[in-house]
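*Asks:* Below is the structure I would like to discuss, written out as structure tokens.
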Amino acid sequence: MSMEQELREKAKELLSSGKVKVVIGYGEGSIPIKSTPIFVKTPEQADCLVLNPTCTNNLTVYLPQAVKSGPVAVVAKPCEVKNIVELVKENQIKREDVTVIAVSTPGILNDAALAEFDLLDVKKISWKADGVAVTTSQGDTVIPRDAAFQKKCLSCTAAQPAIADIKIGDWAERAPLQDKFADVEEYEKLSAEEKRAFWAGQFSKCIRCYACRQACPGCYCNECFVDKNGQIWASKDTGAESNWFFHMTRMMHTAGRCTGCGECERACPMGIPLSLMGKKMSLLVKELFGTQPGESMEDAPVFGCYQTNDPDPCPE
Amino acid sequence: MSNNPYVPQLAVIEKITEETWDTKTFRAVFVDEEFRNNFTYKPGQFQEVSVFGTGEATFCLTSTATRPGYIEFSVKRFGCVTKALHGLSEGATVGVRAPLGNCFPYESFKGKDLWFIGGGIGMAPLRSLLNFCLDNRDDYGTVNIIYGARSAGDLCFKSEFDEWKNSPNTNLYLTIDREEEGWTENVGFVPSYLMDLKPNPEGAIAITCGPPIMIKFVLKNLNELGFTDEQIYTTLEMRMKCGIGKCGRCNIGQYYVCTDGPVFSNAQLKGLPLEY
Amino acid sequence: MEAKVIAKQDISAWLSSLAEKMEVLAPVEDGGVIRYRPLGEGEMNLNFSGPAKSLRDHFTPETETLFRYKYEGLKAELEESPAEEHDRLIFGVRACDAAALKYVDAVYSMVEPRDEPYFARRERTTIVGLFCNNPAWSCFCTEVGNFLTNPQEMDAGLTDIGDKYYAEAYTAKGEELLSAAQFEPAGAEDAAAVEKVKQKALSRLPAKGAHEEACLSYNWDSPIFPELAEKCLGCGVCAYSCPTCHCFDIQECAQGKKGSRFRCWDTCQFEKFTLMGHGHNPRPSKKERTRQRVFHKFKYSIERYKMLGCVGCGRCISACPVNIDIHAVVAELEKPAPASEGVNNE
Ligand SMILES: Cc1cc2nc3c(=O)[nH]c(=O)nc-3n(C[C@H](O)[C@H](O)[C@H](O)COP(=O)(O)OP(=O)(O)OC[C@H]3O[C@@H](n4cnc5c(N)ncnc54)[C@H](O)[C@@H]3O)c2cc1C
Ligand code: SF4
Ligand code: SF4
Ligand code: SF4
Ligand code: SF4
Ligand code: SF4
Ligand code: FES
């Protein structure tokens, strides 16, 4: 049975037994190069679920809202299960309200990999043993793994998830194709001045559409600090200082929550490398608090607990 | 002079009246003499008032152009700008962009009996039309004012009640939600007081403004009394910024409350999507 | 005027000579995003498929200071931001983006007073188009207006026909531009080449739709909106990438006794957009907010401005992080209602 079929079967069981009210998964997008989040509510609709290399969204972003109307099942890749762990630990959702359908895939397509294709002519995108097959009117072309997959997938070890109710896919530990923190290492070679100049350039592009925040499961606040319009904390202008303040504050707020799912960067219409910030922060969190977001249910949430011996350095 | 429509005129606060514990009426005079002398407006129009350093907020012009030389606006304390306004003293400078929006079709009200039905701060837009009509007393039939608030202390414009009462052919009906010591007028909600007073819809116009829940029942009761939707007018409140149909936030369907409103007849309202 | 051609290698020289008289902006690649930047800032890219980043920020910047103020005691003084005073040419504009200007012009001028900061820039800007050889998957400009064959708001338009560009002028300004030394009269084979390019581009695009009539029967309570609301993230990507979106907020930047008032982009997709003081929100959930965007583009704009508020650039489609596709949504809204027997639904 394919992973997709297996997923559909499990979803049907969950829905017909009444264990959950809705299964959040992926459905066909408006074009074969895209999939789209769907909310499956009946066993019949479960046949709309798909699982293929285009299934990129981090669906855990919907959980805090979705659990309000009853128990939910959600399709989550290994990096995204970590978001659920943090959401549970930070009391945004109850563990018993969420059935975690953990799916270990070979990897998710990065959009740039399709640059050479006529996207109107792409009929299907599927996994092959050695990469991703793109089906067009000319037949299949296989893009090799290191070109096809998103960076986060290339460094994924498919480690056992801290929580999972249903597991689909190949969970055998695998050797990562890339070092997860390679780009942070590159970045660390810059001087403090160069770093500042680098981010100043990046943030100058930001149009404050907040797609990064909205796509992020860690950004669950009912009212974000930039949105307060009674007492204004952060200006809504897109000047260098304001953008800097927005991003730095958001990064502080996602410390210990950012699992490196990469959705902020993918959602950003201006091509700002937001994951780099997240990864740098997660290294800092590891160094200072000895924990990695979402890796265990036992570690205290970085933001949710205070100890008198908490380190208090001022990172660059 | 500026042709940038977002730059306000400077005006000096000449007088501040404390209406209630959370509402003050400000009288302001434009600094620029030429602008002041040429400035005119119609009942129902509104303005954007700036407190520099805090921002701009929307208030109706509660004064009337028949009493020229100044403008007035009544402000209920809510958030930043309204709080900042409440903190001002006489002599302070504010910015004003006015007049904005449409107005009551007062020409078509001529010869009719008028029923003003206001609740709380909702009396502010009605006051402009009311004083306009009183200043052109002969143009209109009877003028009737039903004005209610939570308590006696919540009624605005108390200093004008005598003037209103004593105008020819003018009736002032006051009501508060609950009994209070020393209160001799009606007790009860505005919509039910309206039913007690039973205005005759023939040749009459009703103009209402107040909290949404009050408006809802006043409209229903007016219909019940026989007022047609064309005989009923109200002013709408939406979140506003530009006030000139550009910033896109005050639309109800294809209409912009800041330019196609804020005054609507009930007949017009019924043609709009329910998104206000 | 007769059509002209210009050799590809002469484009730079032509633009540079124009840049002596005015600011010239051209499409440049910047971190994977194609944007219009002043000539010389980055390498020009004229081979992109579909649209580049919209021109919106060149006419209404993301943040625009409206005036500055200064207090002395109780007295205040205002200092206006100077109006834009330099001429400008934007080169390589897509047909959809040029057409979008016509819509924004209408929005900002329909009700007096006009939006002068916008028109100060608009009236000093010359638009030179670059027609599409290779529409992107998300493009549907031909469905909302035949901009590829009937261009709007361009002074001149170029089409890539291999080693040269075929050029047509649509205004006197455009004619003057094409009278530059680098241009020569086009021959019959050039006209044939253009025809071929256009046909190929059109074959990738849908036919003209009938939204002007169809929008009148859109279903306010269509079940599609609660569905979209479930997955929509409520971000600003769709509106901020759209060339016709024009909504803004007005805010203050205070520094002690002085400061400034500015406007910045805002969108109906944000919850705070319509939230009022007493907590009432006319569009309280994403259901109302997704409907607002679709209805505004395809219904209210036709009712109010007598033209569609969507130019079919497809940006909101390709940029939406959750694949909400306005083209598909509108097709769903315009699906003929299933015939119901014996019911007279007017
Ligand atoms: C046509 C019109 C006429 C009005 N006339 C009067 C009047 O005569 N007297 C009076 O006291 N008030 C009037 N209002 C309401 C007044 O504009 C708001 O109370 C005021 O803008 C709140 O500003 P703030 O800066 O104090 O609040 P903010 O600090 O900006 O915000 C506080 C809260 O108020 C909300 N808010 C912001 N602007 C508005 C707005 N325009 N309408 C409603 N809520 C808003 C915000 O969403 C926020 O939740 C009128 C509104 C309109 C649209
Ligand atoms: S998604 Fe990109 S452009 Fe939008 S707010 Fe985030 S960083 Fe800025
Ligand atoms: S919508 Fe039309 S004009 Fe715009 S980029 Fe696509 S094909 Fe070109
Ligand atoms: S871009 Fe997509 S997710 Fe974001 S607000 Fe628009 S429709 Fe919703
Ligand atoms: S609504 Fe979408 S397709 Fe239409 S003009 Fe705007 S961005 Fe382009
Ligand atoms: S779709 Fe929304 S943001 Fe865009 S113009 Fe319309 S109301 Fe404004
Ligand atoms: S307040 Fe800006 S459009 Fe109405």
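*Asks:* Rounded to the nearest 100 Å², what is the sum over both chains of accessible area buried where A meets B, with a probe of 1.4 Å?
*Replies:* So the buried area, both faces added, is about 200 Å².
*Asks:* Towards the positive end of the charge dipole of the protein assembly as shown, with charges on Cβ (+1 Lys, Arg; -1 Asp, Glu), say which of C:Ala99, A:Val85, C:Val5 has the farthest Cα.
*Replies:* A:Val85
*Asks:* Then there's this: Dipole of segment C:4-206, Cα-centred, from +1 at each Lys and Arg C-beta and -1 at each Asp and Glu C-beta, to the nearest 20 debye?
*Replies:* Here the size comes out at about 580 debye.
*Asks:* Just checking the output field for B:263-276: average partner chain Cβ neighbours within 10 Å of each residue's Cβ?
*Replies:* 2
*Asks:* While we're on this one: Equivalent-ellipsoid semi-axes (√(5λ), Cα gyration tensor) for segment B:106-235, whole Å, largest first?
*Replies:* 21, 18, 13
*Asks:* Compute for chains A and C the buried accessible surface, both sides summed, probe 1.4 Å, and express it in Å² to the nearest 100.
*Replies:* Looking at A and C, the buried total is near 2900 Å².
*Asks:* Let me ask something else. Give the average over all directions of the projected area of the C-alpha convex hull of segment C:106-186, one decimal, in nm².
*Replies:* Average of the hull's projected areas for segment C:106-186 equals 7.4 nm².
*Asks:* Which residues of segment B:51-65 show a drop of at least 50 Å² in accessible area when all protein chains are present, compared with their chain alone (probe radius 1.4 Å, heavy atoms only, ligands and nucleic acids excluded)?
*Replies:* Listed in order, they are B:Phe52, B:Gly53.
*Asks:* Excluding A:Val184 itself, calculate the net charge of residues whose Cβ lies under 9 Å from the Cβ of A:Val184, where each Lys or Arg counts +1 and each Asp or Glu counts -1.
*Replies:* -1
*Asks:* Also, quick follow-up: May I ask you to find the residues of segment B:9-23 that are shielded by at least 30 Å² of accessible area once the whole protein assembly is considered instead of their isolated chain (probe 1.4 Å)?
*Replies:* Buried-area filter returns B:Leu10.
*Asks:* Let me know the Rg and Dmax you get for segment B:9-100 when you use only its Cα atoms, in Å.
*Replies:* 12.0, 36
*Asks:* Can you give the accessible area of B:Val75, probe radius 1.4 Å, in Å² rounded to 10?
*Replies:* 0
*Asks:* Probe 1.4 Å, all protein chains in place: accessible area of B:Ser151 in Å², nearest 10?
*Replies:* Approximately 30 Å² of B:Ser151 is accessible to the 1.4 Å probe.
*Asks:* Given charges of +1 on the Cβ of Lys and Arg and -1 on the Cβ of Asp and Glu, with all other atoms neutral, how large is the dipole of chain B about its Cα centre, in debye to the nearest 20?
*Replies:* About 700 debye.
*Asks:* Further question on the same structure: Which translational diffusion coefficient, to the nearest whole µm²/s, is obtained for chain C from the Stokes-Einstein equation, given a Kirkwood hydrodynamic radius over C-alpha pairs, 25 °C and 0.890 mPa s?
*Replies:* Once the numbers are plugged in, D ends up at 111 µm²/s.
*Asks:* Continuing with this model, one more query. Rounded to whole Å, give me the distance from the Cα center of segment C:66-85 to that of segment B:47-117.
*Replies:* Cα centroid to Cα centroid, the span is 23 Å.
*Asks:* How long are the three semi-axes of the equivalent ellipsoid for chain B, computed from the Cα gyration tensor as the root of 5 times each eigenvalue, in whole Å, largest first?
*Replies:* Working through the eigenvalues yields semi-axes of 29, 22, 18 Å.
*Asks:* Per residue, how much space in cubic angstrom lies within the convex hull of the C-alpha atoms of segment C:213-333?
*Replies:* 135
*Asks:* Convert each backbone phi in segment B:256-265 into a coupling constant with the Karplus relation 6.51 cos²θ - 1.76 cosθ + 1.60 (shift: θ = phi - 60°), then list the ³J(HN,Hα) values in order as whole Hz, x for Gly and Pro.
*Replies:* Each residue's phi maps through the Karplus curve to give 10, 4, 6, 10, 7, x, x, 8, 9, 7 Hz.
*Asks:* Also, I was wondering about something else. Give the Rg (one decimal place) followed by the Dmax (whole number) of segment C:1-128, computed from C-alpha coordinates and expressed in Å.
*Replies:* That works out to 18.0, 65 Å for Rg and Dmax.
*Asks:* Could you sort the peptides C:212-220, A:30-38, B:250-258, C:65-73 by per-residue average Cβ neighbour count (10 Å cutoff), highest mean leading?
*Replies:* Going by the mean number of other Cβ atoms within 10 Å, highest first, we get B:250-258, A:30-38, C:65-73, C:212-220.
*Asks:* Right, something else. In whole percent, how big is the carbon plus sulfur part of the accessible area of the protein assembly as shown, probe 1.4 Å, protein atoms only?
*Replies:* That share works out to 50 percent.
*Asks:* By average Cβ neighbour count within 10 Å, what is the ranking of C:112-122, A:191-201 from highest down?
*Replies:* C:112-122, A:191-201
*Asks:* To the nearest 100 Å², how much accessible surface do chains C and B hide from each other in total, with a 1.4 Å probe?
*Replies:* Counting both chains, the buried surface is close to 3800 Å².
*Asks:* Considering only protein heavy atoms, what per residue accessible area in square angstrom results for the protein assembly as shown with a 1.4 angstrom probe?
*Replies:* 42
*Asks:* Next question, about the same structure. Past the 29 Å Cα-Cα mark, which pairs from C:Lys231/C:Lys272; A:Lys77/A:Lys124; A:Lys205/C:Lys306; B:Lys42/B:Lys270?
*Replies:* Exceeds cut-off: A:Lys205/C:Lys306.
*Asks:* Please compute, for peptide B:92-98, the average count of beta-carbon atoms on other protein chains lying within 10 Å of each residue's beta-carbon.
*Replies:* 3
*Asks:* Once you list every other residue whose beta carbon is under 14 Å from the beta carbon of C:Gly314, what net charge do they have if Lys and Arg are +1 and Asp and Glu are -1?
*Replies:* Result for the neighbourhood of C:Gly314: +3.
*Asks:* Can you work out the Karplus-derived ³J(HN,Hα) for every residue in segment C:205-219? Use 6.51 cos²θ - 1.76 cosθ + 1.60 with θ = phi - 60°, whole Hz, and x for glycine or proline.
*Replies:* Those phi angles translate into 10, x, 7, 4, x, 10, 4, 4, 8, 4, 4, 5, 10, 4, 8 Hz.
*Asks:* Mind checking the alpha-carbon convex hull of chain A and giving the volume per residue in Å³?
*Replies:* 155
*Asks:* Another question, if that's okay. For segment A:179-316, list log₁₀ I(q)/I(0) at each q in 0.09, 0.11 Å⁻¹, using the Debye formula over Cα point scatterers of equal strength and ignoring solvent, two decimals each.
*Replies:* These q points yield log10 I(q)/I(0) values of -0.28, -0.42.
*Asks:* When only DSSP loop residues count, what GluC sites (Glu not before Pro) in segment B:24-123 have their Cβ near at most 16 other Cβ atoms within 10 Å?
*Replies:* The qualifying sites are B:Glu90.
*Asks:* Okay, moving on. Enter the accessible area of C:His58 (Å², nearest 10), with the probe set to 1.4 Å and all protein chains included.
*Replies:* Looks like 30 Å² after rounding.
*Asks:* OK, next. Amide H of B:Leu172: which non-local residues (sequence gap of 5 or more, or other chain) have their own amide H closer than 5 Å, using H built in the peptide plane?
*Replies:* HN-HN under 5 Å from B:Leu172: B:Ile145.
*Asks:* Same structure, new question: Let me check I've understood the local charge: for C:Lys164, count other residues with C-beta under 12 angstrom from its C-beta, Lys and Arg +1, Asp and Glu -1. What total comes out?
*Replies:* Local net charge: -4.
*Asks:* Right, something else. Here is the link list: A:Lys228/A:Lys286; C:Lys21/C:Lys198; B:Lys83/B:Lys241; A:Lys41/A:Lys167. Which ones come out longer than 27 Å on Cα distance?
*Replies:* A:Lys228/A:Lys286; C:Lys21/C:Lys198
*Asks:* Could you give each residue of segment C:110-117 its phi-based ³J(HN,Hα) in whole Hz, using Karplus coefficients 6.51, -1.76, 1.60 with θ = phi - 60°, and x for Gly or Pro?
*Replies:* 4, 10, 5, x, 5, 7, 4, x
The values are calculated or read from the model by the stated rules, or taken from the named source; none is laboratory data. A quick note: this is a predicted structure, and the numbers were derived from the prediction, not measured. Positions of Cβ are backbone-derived with ideal geometry, glycine not excepted, and every protein chain shown enters the neighbour counts. Just the protein is used for accessible areas: all its heavy atoms, side chains included, with ligands, DNA and RNA removed. Shrake-Rupley method; radii C 1.70, N 1.55, O 1.52, S 1.80 Å.
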